[in-house]
Amino acid sequence: MHRARFTEAPAAWLLMTPALVGLMLFLLLPFALAVVLSFTNLRMASPLPLEFVGLANYTLAFQETALPRALLNNLLFALVVVPAQTALGLALAVLLDRPLRGRTVFRTLFFLPVVFPLSLIAVVWVLIFAPGPDGLLNATLGVLSFGLWEPRDFLNDPHWALPAVMLTSIWQGVGFQMIVLLAGLQAIPRQLYEAAAVDGAGRWRQFLHVTLPGLRNPLIFVVIVTTILSFRVFDQVRIMTRGGPQDASNTVIHEMVRTAFDQGHVAMGAAMSVVFFVVILGIALAQRRLLRQRGEVS
């Protein structure tokens, strides 16, 4: 037994090597470089040698940039998008798990937005949110309200810009949650539903006492992944609103890109990336502790 494990170890390390090399080159080394640069005065066109400035970039990032507002926007974005996407994904998964005619077609249609590039999705929704009475959304709301709806410029309105980005993200990503939860539904033994029906449980009680407990681990996975992705939102903001108006839809990654590349302050952008990493790590660890999956070693 021990000899078999010993002889399998080299093969295991050989198989893991490509992933470990990729992790080192594309994650660990860039992050280490960002940490180092965050303590310097590096700018896009600054001369060498670099100067050590300590924690100045971290202080200025919170005092002279829109980072605090971006963090707040990201938090609000996650608080809205994660529950909405999860609830819609669960509803679609339950609906498409039933023996409906053409359900394979519907599964494909709901999953297609996940496959399309976010840049393409954002351009399409820019057209949907077009201002004026001829805009698709404005025209639709005008018809549904019998002409009472006043056309709005959603993407240039401080009150509507972030909700518009949220709606786009929910529509684009709900297919991912649907597929994961659908796979979880199909793994629940049908005998449990039959036993619940024999005991007199209706559909709602079966959903509460059979479906939801059976989907505990898939739901935990979906919530954690969606939360992380909601803090990584960038493409929609960059294309649809460019963080405006008045930073109403600005996000952390968009502010990092604007600071490091648009304004050329690379070191401050690196400091923002370190802060962002700490925030995401803290949220992920907190979620993992609160929603610990069954059957895992803590």
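Taking A201, A61, A91 in turn, the Gaussian network model of the chain (Cα-Cα springs below 10 Å) assigns the largest fluctuation to A201. When the Cα positions of A196, A139, L50 are compared along the charge dipole of the chain, A196 comes out farthest toward the positive end, with charges on each C-beta of Lys, Arg, Asp and Glu. Set against the labelled values (i) 16.5; (ii) 23.7; (iii) 15.2, mean projected area of the Cα convex hull in nm² computed from this structure falls on (ii). Coupling constants for the range 86-98 follow from the phi torsions by the Karplus curve (6.51 cos²θ - 1.76 cosθ + 1.60, θ = phi - 60°), and in residue order they are 5, 5, 5, x, 5, 4, 5, 5, 5, 5, 7, 7, 7 Hz; glycine and proline get x.
A viscosity of 0.692 mPa s and a temperature of 37 °C, combined with the Kirkwood radius over Cα pairs in Stokes-Einstein, give a translational diffusion coefficient for the range 131-189 of 237 µm²/s. Between A11, A19, A196, the GNM of the chain built on Cα springs shorter than 10 angstrom shows A11 fluctuating the most. When the helices of the chain are scored as -39500 (n - 2.57) per DSSP H run of n ≥ 4 and the total is divided over every residue, the value at 222 nm lands at -21000 deg cm²/dmol. Put a plus charge on the Cβ of each Lys and Arg, a minus charge on the Cβ of each Asp and Glu, and nothing anywhere else: the dipole of the range 27-290 about its Cα centre is then about 900 debye. Sequentially through the range 249-258, phi angles give Karplus couplings (6.51, -1.76, 1.60; θ = phi - 60°) of 10, 5, 10, 5, 5, 5, 5, 4, 5, 5 Hz, Gly and Pro residues having no value and appearing as x.
Ordering of 22-31, 206-215 by packing is 206-215, 22-31, highest average first (other Cβ atoms within 10 Å, averaged per residue). Rg then Dmax, both in Å and based on the Cα atoms of the range 112-232: 20.1, 57.
Across the chain, Cα pairs under 8 Å and at least six residues apart give a relative contact order of 29 percent. For T40, the residues whose modelled amide H falls within less than 5 Å of its own, excluding neighbours fewer than 5 places apart on the same chain, are V53.
If I stretch the segment between L20 and R190 completely, what's the gain in nm (0.36 nm per residue apart, minus their alpha carbon distance), one decimal? Walk me through the numbers before you get to the answer.
Values: separation 170, 0.36 × 170 = 61.20 nm, distance 4.03 nm.
Extending this stretch completely gives an extra 57.2 nm.
A simple rule links phi to the HN-Hα coupling: the Karplus curve 6.51 cos²θ - 1.76 cosθ + 1.60 with θ = phi - 60°, which for the range 130-145 gives 3, x, x, x, 8, x, 4, 5, 4, 5, 5, 5, x, 5, 5, 9 Hz, with x for Gly and Pro. Highest mobility in the GNM of the chain, judged by mean-square fluctuation with C-alpha springs under 10 Å and restricted to G142, G200, G184, is found for G200.
We did not get these values from a lab; they are worked out from the coordinates using the rules stated. What you are looking at is a predicted structure, and each value in this text was computed from that prediction instead of being measured. Glycine gets a Cβ as well: all are built from the backbone with ideal geometry, and neighbour counts include every protein chain shown.
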